[in-house]
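K.L.:
The structure under discussion is supplied below as structure tokens; questions concerning it will follow.
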Amino acid sequence: MITLTEENYLKAIFHLSQKSEVEISTNAIAEQIDAKASSVTDMLKKLAEKNLITYIKYKGVKLTENGRLTAVDIVRKHRLWEVFLVDTLNFSWDEVHDIAEQLEHIKSPKLINQLDAFLGFPTHDPHGDPIPNKEGEIVKVNKIMLSKATINSHYTCVGVLDSSSDFLKYLDKHKIGIGTDILVVDKEDFDQSMTITIGAKTIIMSKAITNNIYVKKV
């Protein structure tokens, strides 16, 4: 049996591993889950004993295949619940993360598979993140940060890096969501801020904003 805390660690390691192909450091995990490095080390030893990770002191951590499948299953449940909350219960996309954090620990494969079917087997959650299928496969989308977009080109918003409530509310304020069409008008050399248009509306965005929006060229 895997505990709730152990599941959270596996999910954190999985998310960190999506950004790096090398072993994940203890400090990176501690920062991700807001825990002391000593506590993280103790938990990593337990996960290694359960064959969920490989852990080499001073080198880092990698998920085993068993650990990866467990983490992907947690991610799948989290993202399916987010879709359910938005599409069926009319939550906004800035409200669902914390609730899904609680629901992701339900251990009923039948419930999750039937939830998946009820929702029509969605491929992405409300924030644009891919939803793993029940075999643990994840379809990746070719996307770039808006900050890397070229001037005078059209893009579609396909996701966000920062899924915090404050950032999502900022996007809502400017009518930006998954599927929004964006035209990049200009980019300042000095601070890398961007001028974009959405329909008839012109918006100037800082690099801090454009570094958190994923787009795909139209």
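K.L.:
Being among the charged types (D, E, K, R) and either closer than 17 Å to residue 129 by Cβ or touching a residue at least 12 places away in the same chain (Cβ under 8 Å) (or both) is the filter here; which residues of segment 8-34 pass it?
P.N.:
Answer for segment 8-34, where residues must be among the charged types (D, E, K, R) and either closer than 17 Å to residue 129 by Cβ or touching a residue at least 12 places away in the same chain (Cβ under 8 Å) (or both): 11, 19, 23.
K.L.:
Let me ask something additional. Output the helices (runs of 4 or more DSSP H) that fall wholly within segment 1-117 and possess 2 or more residues being closer than 22 Å to residue 162 by Cα, or say none.
P.N.:
Once the helices (runs of 4 or more DSSP H) in segment 1-117 are filtered for at least 2 residues that are closer than 22 Å to residue 162 by Cα, what remains is 4-17, 26-33, 65-87, 96-103.
K.L.:
Consider residue 90 against the criteria (1) of a type outside the set (Phe, Trp, Tyr); (2) farther than 14 Å from residue 11 by Cβ; (3) touching a residue at least 60 places away in the same chain (Cβ under 8 Å); (4) out of contact with any helix residue (DSSP H, G or I) (no Cβ under 8 Å at 6 or more places or on another chain): it satisfies all of them except one. Which criterion is unmet?
P.N.:
It is condition (3) that residue 90 fails.
K.L.:
Let me ask something else. For segment 35-77, name all the residues that are under 21 Å from the mean Cα position of the chain (by Cα), without any contact (Cβ under 8 Å) to a residue 40 or more places away in the chain and over 30 Å from residue 110 (Cβ atoms).
P.N.:
35
K.L.:
Hey, among the residues in segment 49-94 that are at pLDDT below 95 and on the phi > 0 side of the Ramachandran plot, which one's surrounded by the fewest Cβ atoms within 10 Å (Cβ to Cβ)?
P.N.:
Only one residue tops the list, namely 58.
K.L.:
Consider segment 174-197. How many of its residues are open to solvent by less than 60 Å² (accessible area, probe 1.4 Å) and farther than 16 Å from residue 151 by Cβ?
P.N.:
5
The values are calculated or read from the model by the stated rules, or taken from the named source; none is laboratory data. Since this is a predicted model, take the numbers as computed values, not measurements. Positions of Cβ are generated from backbone atoms using ideal geometry, with glycine treated the same way; all protein chains shown enter the neighbour counts. When the accessible area is computed, the model is the full protein with side chains, heavy atoms only, and any ligands, DNA or RNA have been set aside. Shrake-Rupley method; radii C 1.70, N 1.55, O 1.52, S 1.80 Å.
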